[in-house]
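The values are calculated or read from the model by the stated rules, or taken from the named source; none is laboratory data. In this text the structure is predicted, and so the values were computed from the model without any measurement. We place every Cβ from the backbone using ideal geometry, glycine too, and count neighbours over all the protein chains shown.
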Amino acid sequence: MCRLRSVVMGTITAASASKRLFAIDAARGLALIGMIIVNVGPVANESVFQRLWFLPYGRASVLFVLIAGVSMSLFLRADHGRRRIIVVLWRAAILIVGGLLLSLLPHGVNVILPLYGGLFLVALLLYRLPTSVLIGLITVFMIVGPLIFVGESLDHTGEPRPELAWSGDIPGPLHTLFLSRPYPLVVWIIPFVFGMMLGRMDLRERRVQKAMIITGGIAGVGALAAAELFPLLLGEPERGYGLLLTGVPHGQMPLWVISSVGSAIFVTGLLLRFWSHLSRFATPVVLAGQMALTFYVGHLFLLAALRPEDGFTFLQGVGVSLLAIGGCILGALLWMRHFRTGPLEWAIRGRWLELRPGASP
């Protein structure tokens, strides 16, 4: 065990020469663990333990997307010209096509990878824009995105209708990417762009870290409290514009978006701020985060093989979740003893696409 730890710590120490932010990898690892718990399910809140166990519901995937925005901002910030754009196009294509193929498996999971691919394409349009413009875009999507989904249940008379009036004019793949739940790009672009803005900051500065903790905590708790309070005061809306005051996870409404993005920023800020104290305990989570794509795809195959037609019971879900999480951590520790990157991470990075003509790999 000591030898394994020394090998793992040696890998991290060697990589630290590039000043890699391992707190970001840890955040991605936590998001992966949370998504596994939620995807295995079944999501329930009948007891205190169930509520605590499924605390990642509606939050882990947002943290996943926020960290994707941070990583993409850091990747594109380096001036490598067209080579980096080609790599991003490669990654987007793999994620969209691979994600759609993975959706065909009988795992019962809404695959997030096509959203990732779409957001990577969006990043190519946004990464050179000033931060003030990105803030404006977030504001626009915070208003437009929820209104689109409120409009799903209303026609011009205010009566419920089953789908968007103009949805038939949108090609199926585009409708799936931009408007289909639970990951419509018109809403999920918000945490991604927040992540891109964070990636422009010096995340090693204490001032930035404290600001992330304070603002993220206020947004996360404040919006969640408002989402709990409004239904008590105004009643629980089933449709219409009253939905804008709800905070149901994956409901695509503003209070849920603000709360989940705030909590993601809060968690990331905590990891950055206290990383010097956490690093010695967080090595397995860091390595799992560095292999997040491999393990995300792997847990889909695991669920496709194990999930019964009527789903798991709660206790079965806890057992399968612990099995999958333990497999991810052990697999990361063993794999990183011999390799510097995960198998799917190596394929999607497309490092060979960045090489100059005549350069050696």
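Filtered by the rule that a residue be out of contact with any Phe, Trp or Tyr (no Cβ under 9 Å at 6 or more places or on another chain), in a loop (DSSP other than H, G, I, E, B) and of a type outside the set (D, E, K, R), the range 270-282 gives Phe274, Phe281. On the stretch given as the range 192-210, residues that are more than 29 Å from Leu121 (Cα to Cα) and part of a helix (DSSP H, G or I) total 3.
Restricting attention to the range 302-315, the residues that are closer than 10 Å to Pro42 by Cα and within 25 Å of the chain's Cα centre (by Cα) total 3.
In the set (1) in a loop (DSSP other than H, G, I, E, B); (2) without any contact (Cβ under 8 Å) to a residue 12 or more places away in the chain; (3) closer than 29 Å to Phe301 by Cα, the condition left unmet by Leu105 is number (2).
Before we move on, is Gln316 out of contact with any His (no Cβ under 6 Å at 6 or more places or on another chain) and not in a helix (DSSP H, G or I)? When the stated conditions are applied, Gln316 does not pass them.
Would you point out the residue of the range 17-65, among those that are over 15 Å from the mean Cα position of the chain (by Cα) and among the aromatic types (Phe, Trp, Tyr), that is surrounded by the fewest Cβ atoms within 10 Å (Cβ to Cβ)? Residue satisfying both the conditions and the ranking: Phe49.
Condition check ((1) of a type in the set (Ser, Thr, Tyr); (2) crowded, with 21+ Cβ neighbours inside 10 Å; (3) under 19 Å from the mean Cα position of the chain (by Cα)) across all residues:
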{"site": "Ser73", "(1), (2), (3)": "yes, yes, yes"}
{"site": "Gly108", "(1), (2), (3)": "no, no, yes"}
{"site": "Leu113", "(1), (2), (3)": "no, yes, yes"}
{"site": "Gly136", "(1), (2), (3)": "no, no, no"}
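You will find that of Val257, Val248, Val286, Val267, the residue that is touching a Phe, Trp or Tyr at 6+ places or on another chain (Cβ under 7 Å) and assigned to a helix (DSSP H, G or I) is Val286 and no other. Working only within the range 251-298, note down all residues that are of a type in the set (Val, Ile, Thr) and without any contact (Cβ under 8 Å) to a residue 24 or more places away in the chain. Once the filter is applied, which keeps residues that are of a type in the set (Val, Ile, Thr) and without any contact (Cβ under 8 Å) to a residue 24 or more places away in the chain, the range 251-298 yields nothing. Among the residues of the range 258-282, none is identified as surrounded by 23 or more Cβ atoms within 10 Å (Cβ to Cβ) and at pLDDT below 95.
Only one of the listed residues (Pro231, Pro237) is part of a helix (DSSP H, G or I), of a type outside the set (Gly, Ala, Ser), surrounded by fewer than 20 Cβ atoms within 10 Å (Cβ to Cβ) and at pLDDT below 95. That residue is Pro231. Scanning for something modelled with pLDDT under 85 and either surrounded by 12 or more Cβ atoms within 10 Å (Cβ to Cβ) or assigned to a loop (DSSP other than H, G, I, E, B) (or both), does the range 182-191 turn up at least one residue? Scanning the range 182-191, I find at least one residue that is modelled with pLDDT under 85 and either surrounded by 12 or more Cβ atoms within 10 Å (Cβ to Cβ) or assigned to a loop (DSSP other than H, G, I, E, B) (or both), so the answer is yes. The numbered conditions (1) within 27 Å of Leu185 (Cβ to Cβ); (2) more than 23 Å from the chain's Cα centre (by Cα) are all true for Glu228 except (1).
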